[in-house]
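This report refers to the structure that appears directly beneath it.
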Amino acid sequence: MTKSEGLSAILQAVMRNSANVAKDKYYPRWHLAPITGLLNDPNGFCFDGKYYHLFYQWAPLSCEHKNKCWGHWRSKDLITWQHQPIALLPDEFYDKDGCYSGSAVINQGQLTLCYTGNVKFQDGTRTAWQCLAVENKQGGFDKLGPVLGLPEGYSGHVRDPKIWRYNDKWYMVLGAQTLDKQGKVLLYRASHLYQWQLIGELAGSHLGGLGDAGYMWECPDLFELNEHFILLACPQGIKKEQQRFLNSHPSAYLIGGFDYSTLQFQHGDLIELDAGFEFYAPQTTQVDGRRLLFGWMGVPDGEEMYQPTIANGWIHQMTCPRELQIREGQLYQQPVKELQQLRQNAQYWQGIADDAPDINEFSFELEIALFGSLEIYFSDTLVLIIKNNQAELKRRSVKNGEWQSRFWSGDIKHLQILCDNSSVEIFFNGGAGVMSSRFFPSEKQTVCFLGKDTIKLTTWQLKNALVS
């Protein structure tokens, strides 16, 4: 398909499906979601001095993981977003099977994308190119082609470049798989964006004190935060534990120290980044001293293809934008303060949980002070149970209706919950833990509280934040 044919088909798909999402009770009011087709990884999250840019993996012609292009939103405030011209289409020999994930930087005053060009061969093998594209005057992007091929000793699963600048050098982390199927994160360095030197394996399976940690590490992101270094990654194939890493593919992080003189990363154990049912492929950027994050509220290879929104021609959404902080050596996530502008009609209540008023809508923010155990029911589909220093989030499977559980452990004194039609993001104790999940209730949208202990509630309705 030529570029013009691809754009024409995408435009037709958007026009056909706009009415479907407008009437879909599960379509978000203030989260970012596709008008048509499948959305997954956030890409190229950055700030150019005037606008925030968020690119995203998008399969606009179907709710399937194929023919990926890059969509593009921009915003001045992280709340109201505008559609921009499609940034990348898989229309060259080096990206014909998908413009896969990557990052964006400002290079010599020009917004520049670095992404993975995916190429599959008829014999079942594949290769990958790391490619560049630069913004043009029309707001689209001109491809410059590949700048990096497959490194020796690695399979065709090498992807998701995240680039940053430190002093006078560029650095890149890249997800990779060895020929014996061990997941790694590779580190590169360059004087300019067109010629990269492989430094070596930064982290991964059987490195840095880790044992077998999966067959592929996707979506790496290394950054400094309050004198600590954080490496985000998605280690596919990591062994499930009784209460951790329960999704088909988890998202996790390592915290430690990175030395630019030795280019070595010393770190501790893998920690789950979000304990909910849907969270993957997070990407961060730094703006005015803040480290901000978007994640994909989805998980590959799980139950995604059973979600009911497919009937209306779309699937998946982003998380809310979050700010990351380090407190006492621990990573915290919280909704960005800008989202407070969506609050309206504040309501306050205190008493025994059994007596708390129901919430009869699914676009709200809720803060709860706890003084014991609590259960929160989101219609007939999702339940949060807090007792004995543990949170259990239970959800009915969209595949077979059976109850499934996810867990977070800690002495929970405070909850912040953001809900948006078919999604919930639960922040424990100021962001020490997070659970992000989709849910699709069949009955009336009602949230109710059960328990014999006292709670304090503050509830806000949340205004719509339309994308234009």
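The values are calculated or read from the model by the stated rules, or taken from the named source; none is laboratory data. Given the structure is predicted, the values throughout are model-derived calculations rather than measurements. A quick note on method: Cβ atoms are made from the backbone with ideal geometry, for glycine too, and the neighbour counts reach across all protein chains shown. Note: areas computed on protein heavy atoms with side chains; ligands, DNA, RNA excluded. Shrake-Rupley method; radii C 1.70, N 1.55, O 1.52, S 1.80 Å.
Roughly how large, in nm² to one decimal, is the mean projection of the convex hull of the alpha-carbon atoms in region 1-119? Show your work: numbers first, answer last.
Values: hull surface 30.7 nm².
So the mean shadow area of the Cα hull is 7.7 nm².
In region 106-253, the portion of solvent-accessible area held by carbon and sulfur atoms comes to 44 percent [1.4 Å probe, whole percent, DNA, RNA and ligands not counted]. For region 317-415, the convex hull spanned by the alpha carbon atoms encloses 155 Å³ per residue. In plain terms, the chain from ASP180 to ASP142 could stretch by 10.0 nm, reckoned as 0.36 nm per residue minus the Cα-Cα distance. Going by a ≥ b ≥ c, the root eigenvalues of the Cα gyration tensor, does the chain fall in the rounded group (a/c under 1.5), the prolate group (a/b larger than b/c) or the oblate group? Prolate is the answer for the chain, as a/c is 1.5 or above and a/b outweighs b/c. Taking 12 Å as the straight-line reach from the Cα of LYS452, the aspartates and glutamates in range (excluding those fewer than 8 positions away in the same chain) are ASP354, ASP355, GLU375.
Charges only on Cβ, +1 for Lys and Arg, -1 for Asp and Glu: so what's the dipole of the chain about the Cα centre, in debye to the nearest 20? Write down the numbers at each step before the final one.
Working: 43 positive and 51 negative charges, 141 e Å.
Dipole of the chain, to the nearest 20 debye: 680 debye.
Against the chain, whose longest principal axis comes from its Cα atoms, helix 3-23 is set at around 0 degrees. Each of ILE230, LEU111, ALA391 was scored by the projection of its Cα onto the charge dipole of the chain, and the greatest displacement toward the positive side belongs to LEU111; charges sit on the C-beta of Lys, Arg, Asp and Glu.
Under 8 Å for C-alpha pairs, at least 6 residues apart: give me the relative contact order for region 232-346, rounded to a whole percent.
Result for region 232-346 is 18 percent.
Summary value for region 171-244: 27 percent relative contact order, contacts being C-alpha pairs under 8 angstrom separated by 6+ residues. Placing dummy labels 7 Å off each Cα toward the beta-carbon, the span from HIS65 to LEU11 is 3.2 nm. With charges only on Cβ, +1 for K and R and -1 for D and E, what is the dipole size of region 294-445 about its Cα centre, in debye, rounded to 20? Here the size comes out at about 240 debye.
For region 201-261, the dipole from Cβ point charges (+1 on Lys and Arg, -1 on Asp and Glu) about the Cα centre works out to 360 debye, to the nearest 20.
I'd like to compare 397-408, 198-209: which one has the highest average count of other Cβ atoms within 10 Å, and what's the full order after that?
Working: 397-408: 13.9, 198-209: 18.2.
Most protected by this proxy first, the peptides run 198-209, 397-408.
Counting only protein heavy atoms and a 1.4 Å probe, the chain has 41 square angstrom of accessible area per residue.
The alpha-carbon of LYS399 sits under 19 angstrom from the alpha-carbons of these aspartates and glutamates, leaving out residues fewer than 8 places away in its chain: GLU64, GLU278, ASP301, GLU303, GLU304, ASP380, GLU443.
P(r) for region 380-460: what percent of alpha-carbon pairs falls in each 10 Å bin, starting at zero? Spelled out per bin, shortest first, that is 15, 51, 30, 3.
Dividing the convex hull volume of the Cα atoms of region 86-211 by its residue count, what figure in Å³ per residue is obtained? Could you put the intermediate results ahead of the total?
On the way: hull volume 13.4 nm³, N = 126.
Per residue, the Cα convex hull of region 86-211 comes to 106 Å³.
Once the cut-off is 20 Å, how many percent of the Cα-Cα pairs in region 249-318 end up in the long-distance tail?
50
Peptides 306-319, 241-254, ordered by how many other C-beta atoms sit within 10 Å of their residues on average, highest first, read 306-319, 241-254. A cut-off of 5 Å between modelled amide H atoms, ignoring neighbours fewer than 5 places along the same chain, links ASP380 with SER442, GLU443.
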